[in-house]
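Visitor: A single structure is presented below for examination.
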Amino acid sequence: MKIIVNGETADTRAGTLADLLGELGFGEAMVATALNGTMVRKAKRGDTPIADGDRVEILAPMQGG
Amino acid sequence: MDAINRTGTLADPVEFYGTKVGSRLLLGTAQYPSPAILGEAIRASSADIVTVSLRRESGAAKAGQPGGAPLAGQSFWQLIRDLGVKVLPNTAGCKTVKEAVTTAQMARELFDTPWVKLEVIGEDDTLQPDVFGLVEAARILSRDGFQVFPYTTEDLVVAEKLVAAGCEVLMPWGAPIGSGRGLNNPYGLRSLRAHFPGLPLVVDAGVGVPSHAAAAMEMGYDAVLLNTAVAKAGDPVRMARAFARAIEAGREALIADPMEARDMAAPSTPVMGRAVLG
């Protein structure tokens, strides 16, 4: 199915948000996630299903002012 | 009437939501020539608090694979952690209440802190805060247990509403972000200081040179937050040190209670006993 990850179209077979992070190679990286504009806590990623057309944001620490 | 609190010593910590910190310089971490210079600049500034942000982690699919480049965000975070400073995550770039609230929630989980530098930007050219959205987002986040550091203007009524929304720190701008113009409205900043004598106030944004920061401290501001002035200096490490000294000088001058300015000259050398030689 096709989803949008960080603004770019992506093909995925992941069933959950946790699967998606694994598929994308994030492993144990320190990231925060949102699905369709709503934050999903780390503990909930395994229970959060991904559906066709979903918008996923994967954010990491970055420099800021 | 002088409503400024001039008591204390240079060594007194500043307190944000019950957390005491020694340095009155809060430093941003963006736009440095290299991670190494960022690290050196933070050390030279003596800052105890640095601002950080959240951004999309790009290239993860390749970066996370064996042999791939390290994830940029992870190496940045390692650098900050190794410095042992406290982090103040921001909601930079957010233009709506929802964006800012969601970003703050994500930052809380990522950085494991209730602190958030709340930015709701209302205008692209000046990066002026949308103060209406700011107050609303501050209320939502304060109720949710956040300790909000709002990036605001020097407007007194907005400030009162932010305090009513739960903010125990206010961060009025000196000038537009990254402009280096200094304190655009000294009268407004002075009024704000006089209006909230006991509230921690931080001048945030627009500071260009150390004398701007010293001026804010002489006005009675508790701290100064800056980024571009250090990061974009020819020698960021040296400039970080210069700001640290200026902020200490301004704080010491405040406590020392400066003389009143006057329009006419007043001789400093005693007139009594002067020889008559004409």
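Visitor: Just need a number here: residues in segment A:1-23 that are charged (D, E, K, R) and assigned to a strand (DSSP E or B).
Guide: Here the count works out to 3.
Visitor: I'm checking my understanding of the structure. Among residues of segment B:212-240 that are in contact with a Gly (Cβ under 8 Å, 6 or more places away or on another chain) and free of Cβ contacts under 8 Å to residues at least 60 places away in the same chain, which one is farthest from B:ALA253 (Cα to Cα)?
Guide: Only one residue tops the list, namely B:ALA229.
Visitor: Please enumerate the residues belonging to segment B:237-266 that are outside any loop (DSSP other than H, G, I, E, B) and either open to solvent by 60 Å² or more (accessible area, probe 1.4 Å) or farther than 14 Å from B:ALA47 by Cα (or both).
Guide: B:ARG238, B:ARG241, B:ARG245, B:GLU248, B:ALA249, B:GLY250, B:ARG251, B:GLU252, B:ALA253, B:LEU254, B:ILE255, B:ALA256 - these are the residues of segment B:237-266 that are outside any loop (DSSP other than H, G, I, E, B) and either open to solvent by 60 Å² or more (accessible area, probe 1.4 Å) or farther than 14 Å from B:ALA47 by Cα (or both).
Visitor: Moving on to the next point. Being closer than 22 Å to A:GLY64 by Cα and open to solvent by 40 Å² or more (accessible area, probe 1.4 Å) is the filter here; which residues of segment B:16-39 pass it?
Guide: B:THR19, B:GLY22, B:GLN31, B:PRO33, B:PRO35, B:ALA36, B:ILE37
Visitor: Just to be sure I understand, how many residues within segment B:267-278 are open to solvent by 100 Å² or more (accessible area, probe 1.4 Å) and of a type in the set (Gly, Ala, Ser)?
Guide: Residues in segment B:267-278 being open to solvent by 100 Å² or more (accessible area, probe 1.4 Å) and of a type in the set (Gly, Ala, Ser): 2 in total.
Visitor: Out of all the residues in segment B:174-187, which are away from chain A (no Cβ under 14 Å), open to solvent by 10 Å² or more (accessible area, probe 1.4 Å) and touching a residue at least 24 places away in the same chain (Cβ under 8 Å)?
Guide: Hits for segment B:174-187 are B:ARG181, B:LEU183, B:ASN185, B:PRO186.
Visitor: I'd like the full set of residues that are in a loop (DSSP other than H, G, I, E, B) and surrounded by fewer than 24 Cβ atoms within 10 Å (Cβ to Cβ), limited to segment B:207-219.
Guide: B:GLY208, B:VAL209, B:MET219
Visitor: Next up: Need the failing condition index for B:VAL224 against (1) surrounded by 21 or more Cβ atoms within 10 Å (Cβ to Cβ); (2) more than 13 Å from the chain's Cα centre (by Cα); (3) of a type outside the set (Ser, Thr, Tyr); (4) within 14 Å of chain A (Cβ to nearest Cβ), just the number.
Guide: Going through the list (1) surrounded by 21 or more Cβ atoms within 10 Å (Cβ to Cβ); (2) more than 13 Å from the chain's Cα centre (by Cα); (3) of a type outside the set (Ser, Thr, Tyr); (4) within 14 Å of chain A (Cβ to nearest Cβ), B:VAL224 breaks only (2).
For (1) under 19 Å from B:LEU162 (Cα atoms); (2) in contact with a helix residue (DSSP H, G or I) (Cβ under 6 Å, 6 or more places away or on another chain), each residue gets a yes or a no:
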position	(1), (2)
B:PHE76	no, no
B:GLY84	no, no
B:ALA104	yes, yes
B:VAL116	yes, yes
B:GLU119	yes, no
B:GLY133	yes, yes
B:GLU136	yes, yes
B:SER142	yes, no
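Visitor: Can you tell me which of (1) surrounded by fewer than 17 Cβ atoms within 10 Å (Cβ to Cβ); (2) more than 26 Å from B:THR113 (Cα to Cα) is the one A:LYS44 doesn't meet?
Guide: Evaluating A:LYS44 over (1) surrounded by fewer than 17 Cβ atoms within 10 Å (Cβ to Cβ); (2) more than 26 Å from B:THR113 (Cα to Cα) leaves (2) as the failure.
Visitor: Given the conditions (1) within 9 Å of chain A (Cβ to nearest Cβ); (2) in a loop (DSSP other than H, G, I, E, B); (3) open to solvent by 50 Å² or more (accessible area, probe 1.4 Å); (4) of a type outside the set (Phe, Trp, Tyr), report the number of the one that B:ASP125 does not fulfil.
Guide: Unmet for B:ASP125, out of (1) within 9 Å of chain A (Cβ to nearest Cβ); (2) in a loop (DSSP other than H, G, I, E, B); (3) open to solvent by 50 Å² or more (accessible area, probe 1.4 Å); (4) of a type outside the set (Phe, Trp, Tyr): (1).
Visitor: Give the residues of segment B:129-147 that are crowded, with 17+ Cβ neighbours inside 10 Å and not in a helix (DSSP H, G or I), sorted by residue number.
Guide: B:PRO129, B:ASP130, B:PHE146, B:GLN147
Visitor: Surrounded by 12 or more Cβ atoms within 10 Å (Cβ to Cβ), part of a strand (DSSP E or B), small (Gly, Ala, Ser) and in contact with a strand residue (DSSP E or B) (Cβ under 8 Å, 6 or more places away or on another chain), is that true of A:ALA29?
Guide: no
The values are calculated or read from the model by the stated rules, or taken from the named source; none is laboratory data. Bear in mind the structure is a predicted one, so any value in this text is a computation, not a measurement. Quick reminder, even Gly has a Cβ in these numbers, built from the backbone with ideal geometry, and neighbours come from all protein chains shown. We work out accessible area using only protein heavy atoms, side chains counted, and drop any ligands, DNA or RNA first. Shrake-Rupley method; radii C 1.70, N 1.55, O 1.52, S 1.80 Å.
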